[in-house]
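Derivation of every value follows stated rules applied to the coordinates shown; laboratory data play no part. Because the structure is predicted, anything quoted here is derived from the model rather than measured. All Cβ positions, glycine included, derive from the backbone under ideal geometry; neighbour counts span all protein chains shown.
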Amino acid sequence: MDKKYKIFIDGAEGTTGLQIHERFEGRTDIELLVIDPELRKDPEERKRLINESDITFLCLPDAASREAVSFINEDNDHTKIIDASTAHRTNPDWDYGFPELSPQHREALKTSRRVAVPGCYASGFISCVYPLVKAGVLPADYPVVCHGVSGYSGGGKKMIAVLEGDKPEECYSPRQYALGQTHKHQPEMQKICGLEYKPVFNPIVDDYYNGMVVSVPLHTRLLSKPYTAEEIHEIMSRHYEGQTFVKVMEFGAAETCPDGFLPSNTLAGTNQMQIFVCGNDEQVLIASRLDNLGKGASGAAVQCMNIMMGIDETTGLL
């Protein structure tokens, strides 16, 4: 009989935790360890379930995630951790949960015991920038700028309550935030891509539930040599060739969207990511479209779990 993995979600009541739970529906290869609601913040009960599990998902604030890792017994050599918080994404002792970035990233996940799931905005940004840095197209000291628009579910329960309640007039419009350039995803954007400087990041939350587009504009005169937009598209296409969940769309596809607009929510509910390359010989725009709750959170976490279990990575995700 095939092994049934014991899974615990620490923080199962949060947005990401609930989404992971939903993605487990119908699966017979896992046994979900459920904490008594009255004990969900009890350290001893959390510690017991973490150490009993084969894989624990951490869907918690950063401090609570670090605390949860400290609960693992010294003689525990079986529990694997998948952390959906920001706490460990730049920690060199943790593997980064984006298997499509390189064969090395995917291989590391197969035997990893500590995996940090990428942030939602960071997933979009890194999907655009990492291949170009790796290919030598984008210099490490390039002054990178990034724009992102996301549904309000990325703000967690508090923002969801505001946007789905009797909200003030300004909440009906797109709202920029983190204007002081201290967004929590910027450190991983810089580190994972190997950039010398932190990117300027302009995140925007809008009045819809989930889905996002993250865009990176480039001046070809500042690249390692003057690549054309078509050449950059070819490099991106080769990098993600054969991937199930990441697809580079036809060159200029964003410009042929209905009415010329690129909507942000068309991949909601999926674990898919689409990458668009548009522009000309002087200016290129790369955009990544994904679900901030899917490939940007719960879907990516489950995909990592499947790889760690040695099964088809699409299980529960298609």
Any helix of the chain counts here only if DSSP assigns it H throughout, its Cα atoms span 18 Å or more along the axis, and its mean Kyte-Doolittle hydropathy is at least 0.0, and such helices are 120-134
List the aspartates and glutamates whose alpha-carbon lies under 13 Å from that of Lys247, not counting same-chain residues fewer than 8 positions away? Glu100, Glu234
Under 5 Å between amide H atoms, partner at least 5 residues away or on a different chain: which partners does Glu31 have, H built in plane at 1.01 Å? Tyr5, Lys6, Ile7
For the stretch 250-257, in residue order, the Karplus 3J(HN,Hα) values (coefficients 6.51, -1.76, 1.60; θ = phi - 60°; whole Hz; Gly and Pro = x) are 4, 4, x, 4, 4, 6, 9, 4
DSSP loop chymotrypsin sites (Phe, Trp or Tyr not before Pro) in the stretch 216-318 with at most 10 other Cβ atoms within 10 Å of their Cβ, which ones? Phe261
Specify the inter-centroid distance of the stretch 174-224 and the stretch 1-74, based on alpha-carbon positions, in whole Å. 31
Scanning the chain for GluC sites (Glu not before Pro) in DSSP loops with at most 12 other Cβ atoms within 10 Å, what's the longest stretch left with none? 75-163
Theoretical ellipticity at 222 nm over the chain - DSSP helices of four or more residues, -39500 (n - 2.57) apiece, nearest 500: -8500 deg cm²/dmol
I need the calculated FRET efficiency for the pair Glu282 and Leu318, taking r as the beta carbon distance and R₀ as 25 Å, to the nearest 0.05. 0.05
Counting only residues 5 or more apart in sequence or on a different chain, those whose built amide H sits under 5 Å from that of Arg114 are Ile81, Asp95
Taking 0.36 nm per residue of separation and subtracting the Cα-Cα distance, what length does fully extending Lys134 through Glu45 add? 27.6 nm
